[in-house]
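Below is one structure, written out as structure tokens; the observations come after it.
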Amino acid sequence: MTGNFDKPLTERMHPDGSVVSLRAYELAGGYQAIRKVLRTGMTPMAVTEEVKEANLRGRGGAGFQTGVKWSFVPRGKDVPNPTYLVVNGDEMEPGTFKDRLLMERDPHQLIEGAMVAAFAIEADIAYIFLRGEYTLSAERLARATTNGSISGKVFSVPVTVWSCISISAAAATSAGRRPDS
């Protein structure tokens, strides 16, 4: 089957596999979503509702609605802190490399999405977990977090790239336990 297809997730990617720079990402409209959130004074609930209305869905097998998932997260001043956002870049599905491609070639896209999600769920910290073999993804995401972070007057969230063997190992480590316990 041939023809022209929209490629909203991959349109900025270079055929040679090189990374999209911060400048190129911004020239193509990147970081406009988080800027809109911060400049227009949107609330976390308003961001969640807009994502629900857009019918944005997860990229996993179930395709669960993103805004609905965000609405399950407890928010407000009475919620114990810190609140974490965890981005699963592990790709446990056999033969799947859809997210790896995005992380390696257009890391700012993931960083911006994490920033919007962190704002929406009122996260204090965001972690991007990668499988240990994704060294190029880790390198490019780490570089993107240092030159792509945007802080607003009301919002700033540290984004950390964490390469590990499994999410359970990472969770154990972040809780101060040995990964195998």
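The values are calculated or read from the model by the stated rules, or taken from the named source; none is laboratory data. What you see is a predicted model; the values in this text were computed from it and never measured. Here the Cβ is made from the backbone with ideal geometry for all residues, glycine too, and neighbour counts use every protein chain on show.
Residue by residue through the range 16-36, note down the ones that are small (Gly, Ala, Ser) and modelled with pLDDT of 80 or more. Give the derivation first.
Residues of the range 16-36 small (Gly, Ala, Ser): 17-18, 21, 24, 28-30, 33.
Result: Ser21, Ala24, Ala28, Gly29, Gly30, Ala33.
Looking at (1) over 24 Å from Ala28 (Cβ atoms); (2) at pLDDT 90 or above; (3) not charged (D, E, K, R), which is the one condition that is false for Gly60?
(2)
Can you tell me how many residues in the range 65-86 are surrounded by 11 or more Cβ atoms within 10 Å (Cβ to Cβ) and not basic (Lys, Arg)?
From the range 65-86, those surrounded by 11 or more Cβ atoms within 10 Å (Cβ to Cβ) are 65-71, 73, 75, 79, 83-86; that's our starting set.
After this cut, where a residue has to be not basic (Lys, Arg) as well, the list is 65-68, 70-71, 73, 79, 83-86.
Summing the residues that are surrounded by 11 or more Cβ atoms within 10 Å (Cβ to Cβ) and not basic (Lys, Arg) in the range 65-86 gives 12.
Of all residues in the range 46-93 being polar (S, T, N, Q) and touching a Phe, Trp or Tyr at 6+ places or on another chain (Cβ under 7 Å), which is nearest to Ile125 (Cα to Cα)?
Kept after step one, since they are polar (S, T, N, Q), are these residues of the range 46-93: 48, 55, 65-66, 71, 81, 83, 88.
Keeping just the survivors that are touching a Phe, Trp or Tyr at 6+ places or on another chain (Cβ under 7 Å) gives 48, 88.
Working: Thr48: 18, Asn88: 14 Å.
It comes out as Asn88.
In the range 116-137, which residues are surrounded by 22 or more Cβ atoms within 10 Å (Cβ to Cβ), part of a helix (DSSP H, G or I) and modelled with pLDDT under 90?
Correct list: Ser137 only.
Can you confirm whether the range 6-15 contains a residue that is modelled with pLDDT of 85 or more and under 17 Å from Met103 (Cα atoms)? Please lay out each step first, then the result.
First, the residues of the range 6-15 that are modelled with pLDDT of 85 or more: none.
Scanning the range 6-15 turns up no residue that is modelled with pLDDT of 85 or more and under 17 Å from Met103 (Cα atoms).
I need the full set of residues from the range 43-55 which are of a type in the set (A, V, I, L, M, F, W, C) and crowded, with 17+ Cβ neighbours inside 10 Å, in order please.
Restricting attention to the range 43-55, the residues satisfying the condition of being of a type in the set (A, V, I, L, M, F, W, C) are 45-47, 51, 54.
Val47, Val51 - these are the residues of the range 43-55 that are of a type in the set (A, V, I, L, M, F, W, C) and crowded, with 17+ Cβ neighbours inside 10 Å.
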